[in-house]
1. Would you calculate the separation in nanometres between label points at Lys36 and Lys247, each defined as 7 Å from the Cα along the Cα-to-beta-carbon direction?
2. Please build a GNM for the chain, connecting alpha carbons under 10 Å apart, and tell me which residue among Pro18, Pro44, Pro73 fluctuates the most.
3. Can you tell me, using C-alpha contacts under 8 Å and at least 6 residues apart, the relative contact order of the chain as a whole percent?
4. Under 16 Å Cα to Cα from Lys36, which lysines show up? Leave out anything in the same chain fewer than 8 places away.
5. Any idea which of Cys227, Cys252, Thr129 is furthest toward the positive side of the dipole for the chain, if Lys and Arg beta-carbons carry +1 and Asp and Glu beta-carbons -1?
6. Excluding same-chain residues fewer than 8 positions from Lys237, which lysines have a Cα within less than 28 Å of its Cα?
7. Straight distance only, please: which aspartates and glutamates reach the Cα of Lys296 with their own Cα at less than 17 Å, same-chain residues fewer than 8 apart left out?
8. Can you give the relative contact order of the stretch 125-260 as a percent, counting alpha carbon pairs under 8 Å and 6+ residues apart?
Amino acid sequence: MGSAGLSRLHGLFAVYKPPGLKWKHLRDTVELQLLKGLNARKPPAPKQRVRFLLGPMEGSEEKELTLTATSVPSFINHPLVCGPAFTHLKVGVGHRLDAQSSGVLVLGVGHGCRLLTDMYNAHLTKDYTVRGLLGKATDDFREDGRLVEKTTYDHVTREKLDRILAVIQGSHQKALVMYSNLDLKTQEAYEMAVRGLIRPMNKSPMLITGIRCLYFAPPEFLLEVQCMHETQKELRKLVHEIGLELKTTAVCSQVRRTRDGFFTLDSALLRTQWDLTNIQDAIRAAAPQVAAELEKSLSPGLDTKQLPSPGWSWDSQGPSSTLGLERGAGQ
């Protein structure tokens, strides 16, 4: 039973990482729960071996001893003798989340660890909800950081914030085309744009493909950010720089990942579900979508030229800051 369970533990699945938990601790916890599940399976029946046991001769009135061939169980492979059958599993972590962040975290088990590399090479976008707080600035852009400055925010309106977000999205989309090394006048580039496959060819700074305000009630506001190649610290810095563009200050009070590639909150396992059965079911449910999405994203790319098209300015090397804005653009 243990080997059969192990054969179904190859693939990708998503878990929900709560805030305050380090990703290494989460990975170790999942591995421990999987090992417990595999080792808790009923061990196979012990093999029988023939032994010659000394005993009285049957039918003899005299107390004579003789050797009799007897079949007895062999406990050489019993868990109480040799220890648990499974002591280690290969569990890999996809795009990581820092301790203060929460949300979807993709894990790979066994051969699924290779699929994590494919996800990285596919340059898939991720969705976040980022909560900000106007009126103060800290040294690390977090709400609980060391206070640096306090400001007023009565002049900040939803319209001003939406204007800043529109400029951010436009500047980052321009940078996305630049880092994708596409000739914008080719048919191949047009077809990739239609299919939504314009992505950086290599490493790049954080690129925002979409950003909008979901909730605005000063001093609080909530942003939805679709991006790639980001870190959670860069998202907190984004909130800080938005505050500066609004002629005030802002700190980030929450970063929550709601989608990582093709894994969403609906497919993420809660902490009470980190056990063998639920993880096996999650791997089996995600396998068809994982194969289809990776094949789509990693299929041989269209033959695009890496020369800038005439009339396209390559002076900019991407967003000059997390915002990609010049000072005063949001005024």
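1. 5.8 nm
2. In this elastic network of the chain, the residue with the biggest mean-square fluctuation among Pro18, Pro44, Pro73 is Pro73.
3. Dividing the mean separation by the residue count of the chain yields 25 percent.
4. Cross-link targets: Lys90.
5. Result: Cys252, furthest along the dipole toward the positive end.
6. Lys17, Lys22, Lys24, Lys126, Lys136, Lys150, Lys160, Lys174, Lys203, Lys247
7. Counting by Cα, and skipping residues close in sequence, Lys296 has these aspartates and glutamates nearby: Asp118, Glu188, Glu191, Asp260.
8. Relative contact order of the stretch 125-260: 45 percent.
The values are calculated or read from the model by the stated rules, or taken from the named source; none is laboratory data. Bear in mind that the values here come from a model prediction, so they are computed numbers and not experimental data. Cβ coordinates were reconstructed from backbone atoms using ideal geometry, including for glycine residues, and neighbour counts include every protein chain displayed. Ligands, DNA and RNA are excluded from the accessible area calculation, which covers all protein heavy atoms including side chains. Shrake-Rupley method; radii C 1.70, N 1.55, O 1.52, S 1.80 Å.
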